[in-house]
1. Report the label-to-label distance for A:ALA18 and A:ASP115 in nanometres (one decimal), using points 7 Å from each Cα along the Cα→Cβ vector.
2. Express the carbon and sulfur contribution to the solvent-accessible surface of the stretch B:68-191 as a percent, rounded to the nearest whole number, probe 1.4 angstrom.
3. Would you give the gap between the C-alpha center of the stretch A:87-127 and the C-alpha center of the stretch A:198-229, rounded to a whole Å?
4. Taking 0.36 nm per residue of separation and subtracting the Cα-Cα distance, what length does fully extending A:THR39 through A:ASP94 add?
5. If ligands, DNA and RNA are left out, what is the accessible area of B:MET23 with a 1.4 Å probe, given in Å² to the nearest 10?
6. Provide the solvent-accessible area of A:GLU78, counting protein heavy atoms only and rolling a 1.4 Å probe, rounded to the nearest 10 Å².
7. Just checking the output field for B:188-197: average partner chain Cβ neighbours within 10 Å of each residue's Cβ?
8. Per residue, what accessible area does the stretch A:105-249 have, given a 1.4 Å probe and all protein chains present, in Å²?
Amino acid sequence: MKLTLRVWRQRNADADGAMSTYEVDDISPDMSFLEMLDTLNEELILGGEDPVAFDHDCREGICGACSLVINGDAHGPERTTTCQLHMRSFKDGDIIDIEPWRASAFPVVKDLVVDRSAFDRIIQAGGYITAPTGAAPEAHATPVPKPDADFAFEHAECIGCGACVAACPNGAAMLFTSAKVNHLNVLPQGAPERETRVLDMVAQMDEEGFGGCTLTGECATACPKGIPLVSITGMNKEWLRATRRSGKR
Amino acid sequence: MTRTMWDSSVGKKTVMAVSGLIMLAYLVVHMLGNLKIFFGSDEFNEYAHALRTLGEPFLHYEWALWITRVVLVAAVVAHAVSAYQLSRRDIKARPTKYVHKKPRASYATRTMRWGGIILGLFIVWHILDLTTGTVHPGGFEAGHPYQNVIDTFSTWYGNVIYIVAVLALGLHIRHGFWSAAQTLGVGSRTRDRAFKTIANVLALVLTVGFVSVPVAVMTGVVS
């Protein structure tokens with residue numbers, strides 16, 4: 001396949017960026033999107049140019065490092081991570097626009113790489129769970145009802161890639177934060193910090209400069225792990241509950 | 001608790017949801033009251049008068065009306081201020097736009113902000129037209145709402161402003177009611193369809209109910 005790529009190039013965080021056009025040839029439909037970018041970078045390096053910087057790590061769709069907005073879609077046209085997107089999703093002669101996640105809380109570091117440490121700070125704000133340290137406890141010591149375990153697991157699938165923020169017209173991190181809040185708040189292990197967790201994480205989310213939720217549903221559509229939109233409803237419920245309770249103390 | 005509420009984006013959304021639901025409840029009553037126009041001028045005018053004597057002798061003349069007005073103004077201001085602050089925050093959170101743009105979200109969702117501005121302006125005009133009579137076409141007569149309504153809907157611009165605003169209202173409620181359910185945490189996977197249906201029914205019933213009045217005046221059903 002022969003493709004035209006329009007890629008966001010930005011030398012560093014302070015420099016102005018712009019879209020640059022590149023042609024790539026001999027792209028196999030079996031290549032992953034990142035392998036296609038590797039091919040481009042090999043050519044750029046051979047030509048003495050600066051390769052396109054992009055985040056990637058496991059390339060198995062589980063680490064959440066890859067982060068590209070492809071033709072206006074976070075992680076591209078398929079519901080998966082960029083690394084698991086294959087060139088068979090494109091046609092010969094296609095023009096593909098590749099941009100970084102866009103949010104003030106995710107400043108561009110270089111080209112397509114953004115700083116997502118705002119997510120780490122939201123996680124940190126959530127704090128620890130109260131659990132005894134030492135040897136692993138017996139698995140049945142703390143019973144968890146099956147529906148709760150399933151609910152927690154569904155939310156634990158979040159890999160923190162930030163596609164929800166990238167897709168949201170308001171650059172909101174509600175889906176990410178709600179996945180983390182719901183994951184721990186439903187489990188008995190997370191119960192002691194149930195109120196402080198949601199209040200602190202939402203406060204940190206606001207502090208980082210993410211936008212608010214207008215329930216457009218773009219986040220859930222973009223999420224490679226299928227975190228549902230109703231997850232946000234669940235976090236709102238937890239937040240209101242915690243606010244009511246903190247008022248009583 | 002008040003501080004947590006107002007400082008948080010989630011709290012401001014809660015303010016929007018509650019104030020929106022207050023206005024929505026009022027609108028349902030308002031729409032049903034409007035339909036009295038189909039039973040003739042006497043019944044409509046009597047109804048308007050009854051609103052002023054509502055709650056008597058417990059309440060003084062027009063007190064019920066003024067209490068409603070105060071609550072509504074508070075709801076409108078809370079709704080608009082939260083919307084403005086949240087929107088500013090949203091716009092700031094995405095300083096650089098995507099080069100590759102895609103049409104996203106439903107029409108109702110995308111028109112929430114503009115729709116809200118249209119509705120705010122409409123409320124001002126609507127009060128100046130039919131409550132104070134300041135911009136009313138023809139002679140405004142307090143206590144004769146039937147004739148006043150006919151005067152307004154006998155002008156082309158009266159009809160245009162009203163119908164555009166009501167359509168904006170329908171779209172606003174369609175996304176707004178369902179969103180309020182999510183914000184207040186009462187939505188769920190199993191109830192999602194029910195809330196979407198209620199939102200659509202409310203939007204449709206209110207739109208049809210409100211629009212029926214200018215249409216009836218235009219077609220001569222009410223004259």
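1. Using points 7 Å along Cα→Cβ, the separation is 2.5 nm.
2. Of all accessible area on the stretch B:68-191, carbon and sulfur atoms account for 69 percent.
3. 15
4. Full extension from A:THR39 to A:ASP94 adds 18.1 nm.
5. Number for this one is 40 Å².
6. 90
7. 2
8. Solvent-accessible surface per residue comes out at 43 Å².
The values are calculated or read from the model by the stated rules, or taken from the named source; none is laboratory data. The structure displayed is predicted, hence computed values, not measured ones. Cβ atoms come from the backbone with ideal geometry, glycine included; neighbour counts cover every protein chain shown. These area figures cover heavy atoms from the full protein model, side chains too; ligands, DNA and RNA do not enter into them. Shrake-Rupley method; radii C 1.70, N 1.55, O 1.52, S 1.80 Å.
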